[in-house]
Amino acid sequence: MTVYYKQAIENLEEEINKLHFEQSDLLVSYEKAIKLILAKISELKQYVLDVGFKNQQEEIYFFKHQKPALVSKLIYYNAVYKIETKKPYGEKQIKRFLNKELSKLKKFFDNNIDFYKYYRSNNSFLDVNFFMRGKHDIRLWLDTYYFEADHRFCTSHDYKVAKILANDLIQAYLEDQLNNNHKKTFNNSSLNWTGSKTALTELIYALYEQGVFNNGNADIKLIAKTFESTFNIDLGDFYHTFMELKARKINRTKFLDSLCEALIKKMDEQDGK
């Protein structure tokens with residue numbers, strides 16, 4: 001399952017990134033992204049129904065991490081599509097509207113605070129109930145929609161995890177909109193990235209591919225925005241930058257290679273070599 005899922009999600013990410021790069025109409029790109037994700041979810045569902053899982057651990061991991069990461073993309077694009085189509089005119093009206101959308105996320109958090117704590121703390125003692133099919137417990141923060149879902153491809157809480165992951169992205173999107181589409185003054189950190197944007201993009205994609213954030217389920221956009229905010233830099237179209245990195249004939253990981261060389265040199269110096 002892991003090999004199949006990894007390939008499926010990589011293909012989807014590539015298709016969506018290419019779509020955003022090539023499509024100038026934002027709403028059209030969201031519509032097409034939603035269709036791509038729905039198709040991928042359908043493929044994944046058929047694979048699960050046909051192949052199943054090797055053991056309990058694989059099933060729990062799929063419904064706790066892998067499926068929610070995919071479904072969260074659907075929730076995110078559907079949410080931003082609706083936000084963009086309903087956004088009013090006028091600076092004050094837009095600000096009020098976006099803050100209202102942020103308050104909806106806060107309400108979801110408040111209504112699910114116990115499960116947030118369980119999930120964010122990487123607890124596992126209730127995973128059998130939360131992330132195995134047919135093992136639901138009505139006493140454990142169960143949403144009504146679960147009873148109408150296809151229990152062959154869902155558990156009692158995999159969608160709730162997807163909502164948590166999606167809400168992180170939606171919050172970043174809304175806050176970015178409130179700060180005038182990336183054109184904000186960064187005052188929250190005293191650290192400034194003084195290397196090139198290309199170097200930072202290279203580092204971000206390497207960390208993303210290594211899966212070091214949120215058990216490998218963090219969206220590349222959220223990672224990039226976090227780096228932008230933390231190190232006071234606007235990366236612009238970082239996917240386009242990545243495409244340029246891919247197009248290099250030689251030395252495609254120039255910055256990462258230089259990091260390794262610098263660290264090894266330091267270690268050798270301290271060892272007296």
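Tabulated data
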{"item": "Residues in region 160-174 reached by a label modelled at LYS117 [backbone nitrogen below 16 Å; 7 Å Cα→Cβ]", "result": "none"}
{"item": "Centre separation in Å (Cα based) which lies between region 55-134 and region 211-270", "result": "27"}
{"item": "Over region 186-273, relative contact order from alpha-carbon pairs under 8 Å, at least 6 apart, %", "result": "35"}
{"item": "MET267, MET132 arranged by Cβ crowding within 10 Å, fewest neighbours leading", "result": "MET267, MET132"}
{"item": "Point-to-point label distance, LYS18-PHE231, nm (Cα→Cβ direction, 7 Å offset)", "result": "2.9"}
{"item": "Loop trypsin sites (Lys or Arg not before Pro), region 13-101, which have at most 14 other Cβ atoms in a 10 Å radius of their Cβ (DSSP)", "result": "LYS54"}
{"item": "Cα lying deepest toward the dipole's positive end in region 69-157, options HIS157, LEU102, HIS136, charges on Cβ", "result": "LEU102"}
{"item": "From the C-alpha gyration tensor of region 1-178, square roots of 5λ in Å", "result": "30, 22, 12"}
{"item": "Farthest positive-ward along region 37-86 dipole, Cα basis, beta-carbon charges - from ILE60, ILE37, ALA79", "result": "ALA79"}
{"item": "Taking ILE250, ILE204 and counting other C-beta atoms within 10 Å, the order from fewest to most", "result": "ILE250, ILE204"}
{"item": "Residue-count net charge about TYR76 - beta-carbon cut-off 12 Å; Lys, Arg +1, Asp, Glu -1", "result": "+2"}
{"item": "DSSP H segments from the chain that extend 27 Å or more along their own axis, Cα-based, with Kyte-Doolittle mean of -1.0 or above", "result": "2-22, 26-51, 67-86, 158-178"}
{"item": "222 nm mean residue ellipticity, helices alone, for the chain (DSSP H n ≥ 4; -39,500 (n - 2.57); rounded to 500)", "result": "-21500 deg cm²/dmol"}
{"item": "Footprinting exposure proxy for MET1, MET243 (fewest neighbouring C-beta atoms within 10 Å first)", "result": "MET243, MET1"}
{"item": "Relative contact order of region 1-178, defined on C-alpha pairs under 8 angstrom at six or more residues apart (%)", "result": "29"}
{"item": "Lys, Arg +1 and Asp, Glu -1 on Cβ, resulting dipole of the chain about Cα centre, debye, nearest 20", "result": "620"}
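Any read-out appearing in this document is the output of simple, stated calculations on the displayed coordinates, not a laboratory observation. Treat the numbers as computed from the prediction; the structure is a model and nothing was measured. Note: ideal-geometry Cβ built from the backbone for every residue, glycine included; neighbour counts use all protein chains shown.
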